[in-house]
């Protein structure tokens, strides 16, 4: 698994891992049933502490993106968010839309940008 981590970023490493795995699932690079590296392997590959890798996987599991099994390890879940986006996701989108508005984009420009990014994630 190839992750691009920015150790100088204000965003925590575990969150960067979480976000890249979510984008990998959304974009089709990771499919339901795909096995992820073990926590130890991920930590070694990325040069991070095992607790950081574990925190990323715990968050992904809590959010329903992966399942974990003692024998199989971490696996991409079959179905993600059957009840729709979480409240946190919607609030995050609300914040980003506010930032786009403050950057001077009108609704049509914001929707065009959203559409481009959404379609980019389709593979």
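All of the numbers you see were taken from the coordinates with simple rules; none came from a lab. Note that the structure is a prediction, hence the values are computed from the model and not measured. Using ideal geometry, Cβ is built from the backbone for each residue, glycine included, and neighbour counts are taken over all protein chains shown.
Can you tell me the orientation of helix 13-27 relative to the chain, as the angle in degrees between its alpha-carbon axis and the longest Cα principal axis, to the nearest 10? Here the helix axis deviates by roughly 70 degrees. Put in order of Cβ neighbour count within 10 Å, fewest first, the listed residues 35, 18, 79 become 79, 35, 18. Footprinting exposure proxy ranking of 46, 114, fewest other C-beta atoms within 10 angstrom first, gives 114, 46. Each principal axis of the Cα atoms in the chain has its own extent, and those three values, largest first, are 50, 34, 26 angstrom.
The simple Förster model, with R0 at 25 Å and r as the Cβ-Cβ distance, assigns residue 49 and residue 26 a FRET efficiency of 0.40. Modelled spin labels at residue 4 and residue 118, positioned 7 Å past Cα toward Cβ, are 2.4 nm from each other. Round to the nearest 0.05 the FRET efficiency obtained for residue 72 and residue 99 when R0 = 35 Å and r is the Cβ-Cβ distance. Efficiency at R0 = 35 Å is approximately 0.30.
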